[in-house]
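> My questions will all concern the structure given below.
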Amino acid sequence: MKFKKIALLGVASATAIGLSLSATPAMAASWDGSNVEYSGGLWYIDSGDLNFYGAYPDEWANGINNDTFDSGLMVYAPDDQTSIQCASADLSPAADGSGDQILTCAPEDLPIGPNAELMSVSVEMRFFADNETVRQVITVKNNTGAAVPGAQILSYTDFYQDDKTNIVYSNTLGSLISNWPTGNSDTTQILNAADDIFVTDCPATPCNPSDNAANVMQVNGPDAQVHSTLFDTGTYPPAGGDAAGGSAVDEGYFSFELPALAVDQEVSVVIMNRTYLYLEGADDAATNANALVASQDAVAFAQAGGWTCDQALVGIADSSKVINWNCASSPALPDTGLNAAPLALGAGALMLAGLGLVVALRRRARA
């Protein structure tokens, strides 16, 4: 993994999500700050600057053997310097018997107000038993003693494939899968502030099949009234661009402005992260065929809208505090959409459904 920090990575982390959001017993068992294991693989994550690298099942490790993405679901203050650390956390089974595991970071103060007011920020990571899906809940509580308007929370993910990463779908661009295998996005096809759902991939050309990472789908808030905006595009170019020419941008930077918070009021952002991995074939052509199926599956899932509230808010006690999912108007989910297989020939889809996440802070050194 190649990256450099553009700022001090000190993240204030989690206002105990258990206050209102999690079904997990608070601090049931300590976490050692490293990976979360399951039968047949692990979730690659570490503390110090809470950083998620994706699902890592044994089949993937023994085949393509790359991280799903380079850095993920990192939470920052608007100063682009201070990040959630999650130095102290518990890892516990979900109380609902689902087989999911829940990591709950201890609360940290983060300067997210417009005048760098310190507010309590909590982060929870729920690792689903399908071994593909992760939910992140970011909860902000105004413990400053005065009302605070205009607070922001930032989120950042590096989608791993460097200058080869491209956009294969977004809700404004539609599907670009027909451009496979030469690259999907071109110089004009980049994310914009209206793109709450998008899929990235790295097709057969210009990517080397042995280096391919999983496809990623991300959803930044399906509630149209509260969606992400691209952060500081002058400094951080939007993801996408000229994939075929090898100059696409692989990093996602998003910004979420929180509603005015009264004293002791708390709100939450929910991010759904899903990775579909594909099998390494007997040769490059077979691997590419599997990767194409993965992209097609990711696009299809994105076009279908991804998760509804039934999935995204499972175990959350008070969904009214979640500002980027309008559950009152969300239809019931007829089926979970979760793939029980830990490794599929299908897509790598990463869904981030977040309230006003601002992507910020870490830039990988370009090859």
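> Out of all the residues in the stretch 94-118, which are in a strand (DSSP E or B) and either surrounded by 24 or more Cβ atoms within 10 Å (Cβ to Cβ) or free of Cβ contacts under 8 Å to residues at least 60 places away in the same chain (or both)?
So in the stretch 94-118, the residues in a strand (DSSP E or B) come out as 101-105, 108-111, 118.
If the condition is that a residue be in a strand (DSSP E or B) and either surrounded by 24 or more Cβ atoms within 10 Å (Cβ to Cβ) or free of Cβ contacts under 8 Å to residues at least 60 places away in the same chain (or both), then Ile102, Leu103, Thr104, Cys105, Glu108, Leu110 are the ones that fit.
> Would you please name the residue that is surrounded by the fewest Cβ atoms within 10 Å (Cβ to Cβ), looking only at residues in the stretch 172-211 that are acidic (Asp, Glu) and not in a helix (DSSP H, G or I)?
First, the residues of the stretch 172-211 that are acidic (Asp, Glu): 186, 195-196, 201, 211.
Add one more test, that the residue is not in a helix (DSSP H, G or I), and what stays is 186, 195-196, 201.
Values: Asp186: 18, Asp195: 24, Asp196: 25, Asp201: 36.
Top of the filtered list is Asp186.
> Has the stretch 69-76 got any residue that is among the acidic types (Asp, Glu) and touching a Ser or Thr at 6+ places or on another chain (Cβ under 6 Å)?
So the first thing to find is which residues in the stretch 69-76 are among the acidic types (Asp, Glu), and the list is 70.
Still in the running and touching a Ser or Thr at 6+ places or on another chain (Cβ under 6 Å): none.
No, the stretch 69-76 contains no residue that is among the acidic types (Asp, Glu) and touching a Ser or Thr at 6+ places or on another chain (Cβ under 6 Å).
> For the stretch 330-349, state whether one or more residues are under 26 Å from Ile153 (Cβ atoms) and either surrounded by 24 or more Cβ atoms within 10 Å (Cβ to Cβ) or modelled with pLDDT of 80 or more (or both).
Residues of the stretch 330-349 that are under 26 Å from Ile153 (Cβ atoms), as a first pass: 330, 348-349.
Imposing the further condition that a residue be either surrounded by 24 or more Cβ atoms within 10 Å (Cβ to Cβ) or modelled with pLDDT of 80 or more (or both) reduces the set to 348-349.
Within the stretch 330-349 (the criterion being under 26 Å from Ile153 (Cβ atoms) and either surrounded by 24 or more Cβ atoms within 10 Å (Cβ to Cβ) or modelled with pLDDT of 80 or more (or both)), the answer is yes, since at least one residue qualifies.
> Another question, if that's okay. Hey, can you tell me all the residues within the stretch 12-59 that are modelled with pLDDT under 50, among the aliphatic types (A, V, I, L, M) and buried (at least 23 other Cβ atoms within 10 Å of the Cβ)?
Listed by number, the residues that qualify are Ala12, Ala14, Ile17, Leu21.
> Okay, moving on. Looking at the structure I just gave you, is Thr68 at pLDDT 90 or above and either of a type in the set (S, T, N, Q) or crowded, with 17+ Cβ neighbours inside 10 Å (or both)? Quick ask: steps written out before the conclusion?
Working: at pLDDT 90 or above: no; either of a type in the set (S, T, N, Q) or crowded, with 17+ Cβ neighbours inside 10 Å (or both): yes.
Taking the combined requirement at face value, the residue does not satisfy it.
> crowded, with 24+ Cβ neighbours inside 10 Å, among the small types (Gly, Ala, Ser), modelled with pLDDT of 85 or more and out of contact with any helix residue (DSSP H, G or I) (no Cβ under 7 Å at 6 or more places or on another chain) - does that describe any residue in the stretch 139-148?
Within the stretch 139-148, not a single residue is crowded, with 24+ Cβ neighbours inside 10 Å, among the small types (Gly, Ala, Ser), modelled with pLDDT of 85 or more and out of contact with any helix residue (DSSP H, G or I) (no Cβ under 7 Å at 6 or more places or on another chain).
> Further question: Mind telling me which of the residues Val75, Val148, Val134 ends up being within 30 Å of Trp180 (Cα to Cα) and of a type in the set (A, V, I, L, M)? Break it down into steps so the answer makes sense when it comes.
Working: Val75 fails: within 30 Å of Trp180 (Cα to Cα); Val148 fails: within 30 Å of Trp180 (Cα to Cα).
Sole residue among the options that is within 30 Å of Trp180 (Cα to Cα) and of a type in the set (A, V, I, L, M): Val134.
The values are calculated or read from the model by the stated rules, or taken from the named source; none is laboratory data. Every value quoted in this text rests on a predicted model; they were computed, and no experiment measured them. Here Cβ is always computed from backbone atoms with ideal geometry, including for glycine, and neighbour counts include all displayed protein chains.
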